1. Taking only complete DSSP H runs, can you tell me which helices of the chain stretch 18 Å or more along their own long axis by Cα positions and average at least -0.5 on the Kyte-Doolittle scale?
2. Based on the Cβ-Cβ distance from residue 212 to residue 258, what FRET efficiency comes out when R0 is 22 Å, to the nearest 0.05?
3. Quote to one decimal, in nm, the extra length available between residue 294 and residue 436 on full extension: 0.36 nm per residue of separation minus the C-alpha distance between them.
4. Once the dipole of the chain is set up with Lys and Arg at +1 and Asp and Glu at -1 on Cβ about the Cα centre, which of 259, 353, 73 lies farthest towards its positive end?
5. How far apart, in nm, are two points set 7 Å out from the Cα along the Cα-to-Cβ line at residue 201 and at residue 468?
6. Starting from the 7 Å offset along Cα-to-Cβ, what nm value, one decimal, do you get for the label separation of residue 270 and residue 458?
7. Report, ordered by chain and residue number, the aspartates and glutamates lying within cross-link reach of residue 441, taken as a straight Cα distance under 13 Å and ignoring same-chain residues fewer than 8 apart.
8. Can you pull the accessible area of residue 200 for me, 1.4 Å probe, Å² to the nearest 10?
Amino acid sequence: MKTLLLICVLAMSSLSVAAEQPNIVYIICDDLGYGDVHCLAPETCKIATPHADRLAAQGMIFTDAHGGSSVCTPTRYGIMTGRYSWRTPLQKGVVTGFAPNLISEDRPTVASVLKAHGYTTGIVGKWHLNFQYADPQTGEIYSRKEYKKPPVGARIPDGPTQRGFDYFHGFHHARDMEAVIENDCVIEHDAVINMLLRLTEKAAAWIDEQAQTDQPFFLYVPLGSPHTPIVPSPEWQGKSGLGDYGDFVMQTDHAVGEITAALQRNGLTDNTLVIFTSDNGCSKAAGIPKLAAQGHLVSAHLRGSKADLWDGGHRIPFIVRWPEKVAAGSQTDSLICLTDLLATTCDILGIEMPSGSGEDSVSFLPELSGKPIESTRNGVIHHSFSGHFAYRHGKWKLLLARASGGWSSPNEANAPADSPVAQLYDMETDIGEQHNLYTEKPEIAAQLLELLEQDVNRGRSTEGEPAQNDTSNIVLWKSGQTKEKPRKKRAER
């Protein structure tokens, strides 16, 4: 009888915990600029985004949120692991698939942590962190040289379902978008124009399924839009009046609406934390000059775009709705990074982050209820497509690059010969990064450089025991001008 009573008490306790834990839906767009969401830049955004705007009206806008990089793969690595991607051998650019998973098998992820604490976990969308394809009969690993796209039936031995997810439906990255994957198998080839509609339907359907259970769930929705190929469905073509890119953004916003509608019809809205964001700034493939001529500024008031060290490359939309916790219509200028999801979810669960994880992750949970973030991180590290570094500390931002560090002009190859080796900006008075103070304030530049070097060398940017980077080949000064590094003594002259 005592044993039966104990079982009943444990079962009731488990149900109580499950009821208290919020569902988490994390929607991340691909290459959506800060200025592409109407409520964030109402004067310069000419694209209608009613569903993102509604989330903002019902929740909180973070105006100073950043991807862990200004391109796809590194940011996604940081989201999943709470760690900057440049701590791995990936020092620039992105991965291209047909290769071992960038996330080591023994590294905790947001999904594996939540799964271990009773959550059902799903990903619907783009992975872009590498995995391999294997012959289903022999287990032989396919190579990119042999296949232009993964063959139907190929098995995936190291994909999302081996990194904490119970369910996966989507694709690896844009180049392989025709190959539709479910769990650990390529199930079909489909036209790329169908992918966004497919992901929208699958995400909503998965929520409908989870609503029939008592388990809390985590749904990660890394959409492949409005990244290239820019292919709005026929019913969305011409909707924006700004061309295919504007149409594709509108269809992406519609996907957000379908996902939140699924929560509403299942009575899940109140206890579901919804995060809407992007991995980096808008790509030049969108036709940025043409959009600007039509009055639409993809980066709003920010300089640069995807791939750059300037804020237009990595400052991204970040909107949080959680009716039970977050005040409607609220806004914060607290500095956060997309690496912060792991620490935040652990904070929600009331647990410590697993050992050997989350080296660059800080919980923003206090901010959701109007309290200050308790950060042990001195600053946020930015990283460009070409691997150039920048460091943000308070209002100051140091860029170890002569120019954009990315694709915008001037870039490192065509920067004026007399350009200082680095840039320093006061982001409170010069958010557009127009007035370089590097030579005027060498003491501040030296302080930020010292903090950056410490964060890199310690293997972590947060408080804790020093950790190990996965590589020793981390070069801070990509332009090769280390002799011009700032020195504190200059300020004393």
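The values are calculated or read from the model by the stated rules, or taken from the named source; none is laboratory data. Computed from a predicted model, the values in this text were never measured in an experiment. Please note: Cβ atoms are built from the backbone with ideal geometry, for glycine as well, and neighbour counts cover all protein chains shown. Ligands, DNA and RNA are excluded from the accessible area calculation, which covers all protein heavy atoms including side chains. Shrake-Rupley method; radii C 1.70, N 1.55, O 1.52, S 1.80 Å.
1. 2-20, 195-210, 244-265, 442-457
2. Once rounded, the FRET efficiency stands at 0.75.
3. 48.1 nm is the gain from fully extending residue 294 to residue 436.
4. After comparing all options, I get 73.
5. Placing both labels 7 Å beyond Cα along the Cβ direction yields 4.8 nm.
6. 4.3 nm
7. Within reach: 426, 492.
8. Surface accessible to solvent at residue 200 totals approximately 10 Å².
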